[in-house]
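The structure appears right after this line, and notes come after that.
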Amino acid sequence: MEYHYPIDYAWSTDEIVDVIHFYEGIEKAYERGIKREEMMPLYRRFKEIVPGKAEEKKWFKEFKEESGYDPYPIVRDMKQLETGAVIRGSK
C-alpha cells in the first residue's frame with residue numbers, strides 16, 4: 001500500500017522519525033502482529049511528541065483515513081494485555 005504518513009512539519013526530524021516508527025508499529029500489528037513490549041515504547045515516544053488526547057485523536061484519525069489502520073484498538077489492547085501478549089489488529 002502506498003500512502004503518506006500524517007506528520008506535523010513543526011516536529012523535529014527525530015520526532016517525525018519516531019512518529020513514523022509508531023505508525024509502522026500499528027501497521028505491523030495489523031499485518032503480522034506485534035508484541036506488547038515492542039509496541040509500548042513506540043507509543044510512549046509518540047505520547048512525548050503528542051501529549052494531548054485531542055491531538056492524539058486527530059493524528060489517529062488522519063492515519064486511519066490514509067492507511068485504513070485504526071491505531072485506537074491497538075493502543076487499547078496494548079494497555080489491557082499482559083506482558084508477552086501479541087497485539088493483532090483486524091480490519
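Quick one: dipole size for the chain, taken about the Cα centre, charges +1 on Lys/Arg Cβ and -1 on Asp/Glu Cβ, in debye to the nearest 20.
Numbers: 16 positive and 19 negative charges, 100 e Å.
It works out to roughly 480 debye.
Output ³J(HN,Hα) for segment 64-69: one whole-Hz value per residue in order, computed from phi by the Karplus curve 6.51 cos²θ - 1.76 cosθ + 1.60 with θ = phi - 60°, and x for Gly and Pro.
Along segment 64-69, the couplings run 4, 5, 6, 9, x, 9 Hz.
Per the 1.4 Å probe, what fraction of the accessible area of the chain, in percent, lies on carbon and sulfur atoms? Mind showing how you got there, number by number?
Values: 2720 of 5580 Å².
Ligands and nucleic acids excluded, carbon and sulfur give 49 percent.
Would you calculate a helix-derived [θ] at 222 nm for the chain, using -39,500 (n - 2.57) for each DSSP H run of n ≥ 4 and dividing by the full residue count, to the nearest 500?
Roughly -20500 deg cm²/dmol at 222 nm, from the helical runs in the chain.
Between G33 and residues 5 or more places away or on another chain, which pairs have amide H atoms under 5 Å apart, with H built 1.01 Å from N, and which residues are they?
G89
At each listed q (0.23, 0.26, 0.27, 0.31 Å⁻¹), what is the log10 of I(q)/I(0) that the Debye formula gives for segment 17-71 modelled as equal alpha-carbon point scatterers?
Log10 of I(q)/I(0), two decimals: -0.90, -1.12, -1.18, -1.34.
Enumerate the calculated ³J(HN,Hα) couplings along segment 41-51 in order (Karplus 6.51 cos²θ - 1.76 cosθ + 1.60, θ = phi - 60°), each rounded to whole Hz, writing x wherever the residue is Gly or Pro.
Per-residue couplings from phi come out as x, 5, 5, 4, 5, 4, 5, 5, 7, 10, x Hz.
Which of the pairs K47/K79; K57/K79; K35/K61 have their Cα atoms more than 18 Å apart in this structure?
Values: K47/K79 14 Å; K57/K79 16 Å; K35/K61 23 Å.
Beyond 18 Å: K35/K61.
Over the chain, with the other protein chains present, what is the accessible area per residue in square angstrom, probe 1.4 angstrom?
On the way: 5580 Å² over 91 residues.
Solvent-accessible surface per residue comes out at 61 Å².
Around I7, which amide H atoms from residues at least 5 apart in sequence, or from another chain, sit under 5 Å from its own amide H, with H modelled in the peptide plane?
Excluding prolines and chain starts, which carry no amide H, there are no hits.
The values are calculated or read from the model by the stated rules, or taken from the named source; none is laboratory data. Worth saying up front: this structure is predicted, and the values here are computed from it rather than measured. Backbone-built Cβ (ideal geometry, glycine too); neighbour counts: all protein chains shown. Only protein heavy atoms, including side chains, enter the accessible area calculation; ligands, DNA and RNA are left aside. Shrake-Rupley method; radii C 1.70, N 1.55, O 1.52, S 1.80 Å.
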